[in-house]
Amino acid sequence: MGRTIAQKIIAAHLVSGEMVPGSEVGLRIDQTLTQDATGTMAYLEFESMGIPRVKTERSVAYIDHNTLQSGFMNADDHRYIQSVAAKHGIWYSRPGNGICHQVHYERFGIPGKTLIGSDSHTPTGGGIGMLAMGAGGMDVAVAMGGGAYYIPMPGMIRVWLEGKLEPGVSAKDVILEVLRQLSVKGGVGYIVEYAGPGVKTLTVPERCTITNMGAELGATTSIFPSDETTRDFLRAQSREEDWSPLASDEDAVYDKEICIDLSSLRPLAACPHSPDNVRPVGELAGMKVDQVCIGSCTNSSLTDMLKAASMLKGKKIADNVSLSISPGSRQVFSMMAECGALTDLIDAGARILECACGPCIGMGFSPNSAGVSLRTFNRNFLGRSGTKDGQVYLVSPETAAASALAGVFTDPAEGDAPDISIYDVPEKFRINDSGVIAPLPEEEAADAEVIKGPNMKPFPQTYPLADELNTEVLLKVGDNITTDHIMPAGSRILPYRSNIPHLSQFCFEVVDPEFPERAKAAGSGIIVGGQNYGQGSSREHAALVPLALGVRAVAAKSFARIHAANLVNAGILPLIFADPDDYDKVQQGAKISISDIHEGLKKDAVTMKVTNPDGTAAEMELRMELAERQKEMLLAGGLLKYTASK
């Protein structure tokens, strides 16, 4: 039986386990990336392992999240990351050099290689044929130290593409259509692979838009073939030697398949507050728009910028609209300036922001109260923009530009299509890696100083898994709780990502502002959740902060992959309702008792006794979907203690 692209890469990097869907496999990791919101903690974890130099082929530390640098905290974190990178063999991408995923596929990504990053949108690299996966910071630290990265062996979904996109329709509309069909949990347990004649019509940046937002499917990752289009892109980046062909076998077998005719697609938008709440832009036409943001790791390539610029050239945005532009990298920014697109955007009334994540993570440019904000981003979770009642819609650059001009939601397929040929863009990209600093030579690194600021606090205490748990339900939440709900981002909070005690006051503030104080008063407890608990960002802080607040277990109907792994890494027990209806039998504030947990690990199930505040009682079975290695980790007290014991 033939293999898919992903199966071929997994087989070439397999260090433990068997490639049987659902069973755990350990993979050798070629490359890692971090960003500063998660990287500080990841490097503290790496340092704790006592390994003098990373053992990957390439590890890169990007500064792209906390670039506002208000106060000393962010600047101190950046100084720490730069110093630890220099000492331990890690390349350092300066603030302003660009968004990690955009820069990485431009300058470092290699087809057929494995990449994990402490950012959930690391699957962007799948656009050039990498097996690129988001992971928690602890997993990235272990991989940098030469350890394997463990995942449940995924099933395979094939998305067959036919036809060619019509003018005004873009790659963003492709992934929105996939999300419309599969939902935010439809990819859980799978790798999504794109195939068919339509693939050849998509450029590498368009493919990377699709794999980037594939993270919203809950998928392990998404991947495209490495073909002549990939080769042309790497040649334009002066990296043709990194290219190799990669395709699935003709007799490869897939678990699921969907087919999309690109020529039949029309512009789409994800409506508040979920990436899979997708409707045609035509149905929204005429709705007043307050703000438009073009950029993010999803849509900040040179092509995306030129599309928007060509539509805005010689025109003026509507009086009621505020428009921001965030180029994805220094390379994109400089080429926009050289060809005149930057001037056209400025003349049209756009505000030019830094080459960084910015508004996507609530770092500035928040919408007005209840404002309608059209964003070319990948997430529109409640409150993520920095405005709790902001109405965020996810759209393509074409829809964003057309709507900015009209002041209302506008279907770009109904007007003049973007024409990027008006700009004289060279065949080769402008190569200037001055924003990347190489690590010190090994012989100099031993004496290098690692600089830590006063905001950096110790890693929270982890605990070996107890055999008995008698505590209470600190919080009960519904379906699709995201890591933004658990541990928000934004300009108030990101400066404290290396200070878990300070971060704890913001835990679950979007859902229940009283949760932190209630948890501290209780001393310990569990959280009860619905379907797809922990979807979204890979931020391990969504596990570490609850750990610091005394959370010892989470019982849910189902978990998002990365968050479940992060819980185990932190020593928190993830439990799954054997009967989903039992979720309704548990109330917030209930007293719970779970005994014989260690014995339960052997049979992958425990019994929980519940006494609710209203006097009702219940007894229910909870499953544990854990690999043997994860069970050992929990008994040891989390990944770091487990690694130290080995």
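Quick look at the values:
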| quantity | calculated |
| --- | --- |
| Gyration tensor (Cα) of the chain, equivalent ellipsoid semi-axes in angstrom | 37, 27, 25 |
| Antiparallel DSSP beta bridges within the chain, percent to nearest 5 | 35 |
| Ascending count of other beta-carbon atoms within 10 Å, so fewest first, for HIS13, HIS598, HIS121 | HIS598, HIS13, HIS121 |
| Quarter of the Cα convex hull surface for the stretch 5-264, i.e. its orientation-mean projected area (nm²) | 14.0 |
| Loop GluC sites (Glu not before Pro), the stretch 502-545 (other Cβ atoms within 10 Å of the site Cβ: 16 or fewer; DSSP) | GLU514 |
| Between the stretch 414-438 and the stretch 576-646, the alpha-carbon center distance in angstrom | 52 |
| Lysines whose Cα lies under 16 Å from that of LYS315, excluding same-chain neighbours fewer than 8 positions away | LYS307 |
| Distance from the stretch 226-291 to the stretch 46-92 (C-alpha centre basis), Å | 32 |
| Alpha-carbon radius of gyration plus Dmax, which is the widest Cα pair, for the stretch 469-645 in Å | 15.3, 45 |
| The stretch 297-311-the stretch 140-196 distance, computed between alpha-carbon centres (Å) | 22 |
| For the chain: relative contact order, % (alpha-carbon pairs under 8 angstrom, 6 or more apart) | 14 |
| Reach of LYS609 by Cα under 21 Å, taken over lysines that are not fewer than 8 positions away in the same chain | LYS476, LYS557, LYS585, LYS591 |
| Per-q log10 I(q)/I(0), the stretch 1-63, q = 0.14, 0.20 Å⁻¹ (Debye; single scatterer per alpha-carbon; no solvent) | -0.59, -0.91 |
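Bear in mind that the values in this text are calculations on the coordinates, not laboratory data. Model, not experiment: these values are computed from the prediction. Here Cβ is always computed from backbone atoms with ideal geometry, including for glycine, and neighbour counts include all displayed protein chains.
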